[in-house]
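Data first, discussion second: the structure below is written as structure tokens.
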Amino acid sequence: MFHLITDHNRALYRGELERLHRARKAVFVDELGWGLRVRDGMEYDEYDDARAMHIIGFDTAGDVAMGIRVRPADDRSMLVDHFAHHLPAGLRPFDDGRTWEVSRGFCRERGIRKPHLMRKAACMIAPLEIALEAGVDRYVGFTDVRMLNLYYHIGWKLNLLGDPMPYGEGDGVAYEAEVSAQVVRQIRQTWGLPTPAHIRIDTLDDTKTVHEAAARIAEADPLQHQLLAPPPAAPRPMAVLRRPQMGVV
Amino acid sequence: MSYALRIGYEPVVGNPARQFLDNAADMLDLDALVDGFASAIAVERAGAHMCCAVEEDGGLYPLFGDMPELADRMGAAGVEAIEVEAPDGTPMVVLIAVAASIDRRQLSQLRLAANIYVTHGVTLLEAADDEPAEGLSLTERRCLSLTLSGWSHLDIGEQLERSAPAVGVHIRRAMARLGAASVAEAVSIAAARGMISHQFVLGA
């Protein structure tokens, strides 16, 4: 299941957020070799502030299997702060109140069976759902070109901005993505996702952890139950390209 | 607002592969995609190309492109090999005949185009279908019928042994053939013409 963590329920997720930042360090610093700031074994940046929202999918052990960060782009954005020279002229301003930025997306879960596909799609539709609900009509971001296949495969509608540029161990490209009811509907129809695909836990009530609370939701909702982590997949016979399946800056 | 937000926009040279990048996701025909990719990389002084699956023994299996013989020239001078992971995790390589003096900028352009090419090409390859003499193909009718029954593309794909995006291609082709602006309209038209029904399910 996919938990939405905002400033309102952050206190419930202290341990989970720590595991998220450790996972980000493992993916972006250790595996991709990006020179990011690491503190106490965790990767943080200046966009991990009170306005940042995180979507996290957990595995059967409660560890972070996939995650993505979104944040309003009206005050600052990674794309403008760090990659402005690669943006085309005449682009719609980012401070229009209808633009959010997506970043630090990753997926450590392998597998192409139905549960894996649904979970990846759920992780990717959640940012669209919450943005749509907030009246946002566009995401912007910067991604390694090798990860574009995931965006297109899930059904994001991208408009690539400017030229690709060498970045880290590969090439990156800026993009804007359509946020609309139509895109959300199409992705939902494609992958058979619940509405919404994410859950938001603001209180534990009589449960002890967010995972217990999530399990209770899953018991009551068969569609959400399908988004529980499947047992670990068997090792793949070969892995020529060893890299996470999703990674945006 | 950050400083760069106000002053950071600088004109950049137009992406020579822009047309391919903008249109690839909407293409419903693999041959058209191959032609589009060939035109896009020609701008970067690249010639023939071939997209191949990497087999377990490291051998290459040509899938689509305009020069299958390139599969035997992996590692040869003048052949750029761009590794790409297909959406299902299959390792692929796009072999491109290039000028010896290709620079880093050109290589970035080729990598971007190759990634998009493989993503959509694999889906279109999966969605290979008979061209119906008239109306819709059998697969298109099945996809619309199951959509009418409320199935997701993922579930339809499990029945038809193809990916959810490939099912989406079949449905978009059906929409194009029927002149429908939406899936709902395509289903409505097809049902009205007797092409589909709730009972028209696999093999029925």
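The values are calculated or read from the model by the stated rules, or taken from the named source; none is laboratory data. Model, not experiment: these values are computed from the prediction. Here the Cβ is made from the backbone with ideal geometry for all residues, glycine too, and neighbour counts use every protein chain on show.
Could you say which residue among B:ARG193, B:ARG142 is touching a residue at least 12 places away in the same chain (Cβ under 8 Å), surrounded by 19 or more Cβ atoms within 10 Å (Cβ to Cβ) and either away from chain A (no Cβ under 13 Å) or closer than 26 Å to A:TYR175 by Cβ (or both)?
B:ARG142
Would you call B:GLY89 exposed (fewer than 13 other Cβ atoms within 10 Å of the Cβ), at positive phi and among the small types (Gly, Ala, Ser)? For B:GLY89, the condition - exposed (fewer than 13 other Cβ atoms within 10 Å of the Cβ), at positive phi and among the small types (Gly, Ala, Ser) - is not met. Checked across segment B:56-69, the condition of being of a type in the set (Phe, Trp, Tyr) and either out of contact with any Phe, Trp or Tyr (no Cβ under 8 Å at 6 or more places or on another chain) or away from chain A (no Cβ under 12 Å) (or both) holds for at least one residue. Filtered by the rule that a residue be at positive phi and modelled with pLDDT of 90 or more, segment A:189-220 gives a lone residue, A:GLY192. Could you tell me whether any residue of segment A:48-61 is over 16 Å from the mean Cα position of the chain (by Cα), within 11 Å of another protein chain (Cβ to nearest Cβ) and not β-branched (Val, Ile, Thr)? No, the conditions are met nowhere in segment A:48-61. When only residues in segment B:40-49 that are within 16 Å of B:ARG111 (Cβ to Cβ) and assigned to a strand (DSSP E or B) count, which is nearest to the other protein chains (Cβ to nearest Cβ)? Among residues in segment B:40-49 that are within 16 Å of B:ARG111 (Cβ to Cβ) and assigned to a strand (DSSP E or B), the one nearest to the other protein chains (Cβ to nearest Cβ) is B:ALA46. Of the residues making up segment B:161-185, those that are more than 13 Å from chain A (Cβ to nearest Cβ) and touching a residue at least 24 places away in the same chain (Cβ under 8 Å) are B:ARG173, B:ALA174, B:ALA176, B:ARG177, B:LEU178. The listed residues are A:VAL80, A:VAL27, and the only one of them that is more than 14 Å from chain B (Cβ to nearest Cβ), touching a Phe, Trp or Tyr at 6+ places or on another chain (Cβ under 9 Å) and either crowded, with 17+ Cβ neighbours inside 10 Å or not in a helix (DSSP H, G or I) (or both) turns out to be A:VAL27. Report every pair of residues separated by at least 6 positions or lying on different chains whose Cβ atoms are under 8 Å apart, first residue within segment A:152-177 and polar (S, T, N, Q), second in a strand (DSSP E or B). Matching pairs, first to second residue: A:ASN159/A:TYR175; A:ASN159/A:GLU176; A:ASN159/A:ALA177; A:ASN159/A:GLU178. Exactly one residue among B:GLY75, B:GLY89 is within 14 Å of chain A (Cβ to nearest Cβ) and part of a loop (DSSP other than H, G, I, E, B), and that residue is B:GLY89. Looking only at segment A:38-70, which residues are more than 28 Å from A:PRO115 (Cα to Cα), touching a helix residue (DSSP H, G or I) at 6+ places or on another chain (Cβ under 9 Å) and not acidic (Asp, Glu)? The answer is A:VAL38, A:ARG39, A:GLY41, A:MET42, A:TYR44, A:TYR47, A:ALA50.
Taken as a whole, the condition of being within 23 Å of A:GLN182 (Cα to Cα) and either touching a Phe, Trp or Tyr at 6+ places or on another chain (Cβ under 6 Å) or of a type outside the set (A, V, I, L, M, F, W, C) (or both) does not apply to B:ASP130.
The set of residues in segment B:138-157 being touching a helix residue (DSSP H, G or I) at 6+ places or on another chain (Cβ under 7 Å), at pLDDT 95 or above and either in a loop (DSSP other than H, G, I, E, B) or closer than 18 Å to A:PRO194 by Cα (or both) consists of B:SER152, B:HIS153, B:LEU154, B:ILE156.
Would you check which residues across segment B:106-139 are touching a Ser or Thr at 6+ places or on another chain (Cβ under 9 Å), more than 9 Å from chain A (Cβ to nearest Cβ) and either hydrophobic (A, V, I, L, M, F, W, C) or in contact (Cβ under 8 Å) with a residue 24 or more places away in the chain (or both) and list them? It would help to see each step written out before you state the result.
In the first step, residues of segment B:106-139 are kept if they are touching a Ser or Thr at 6+ places or on another chain (Cβ under 9 Å); the result is B:122-123, B:126-127, B:129-131.
From what's left, more than 9 Å from chain A (Cβ to nearest Cβ): B:126-127, B:129-131.
Matches in segment B:106-139: B:GLU126, B:ALA127, B:ASP129.
Evaluating B:GLY135 against the criteria (1) within 17 Å of A:GLY192 (Cα to Cα); (2) not in a helix (DSSP H, G or I) leaves one unmet condition, (1).
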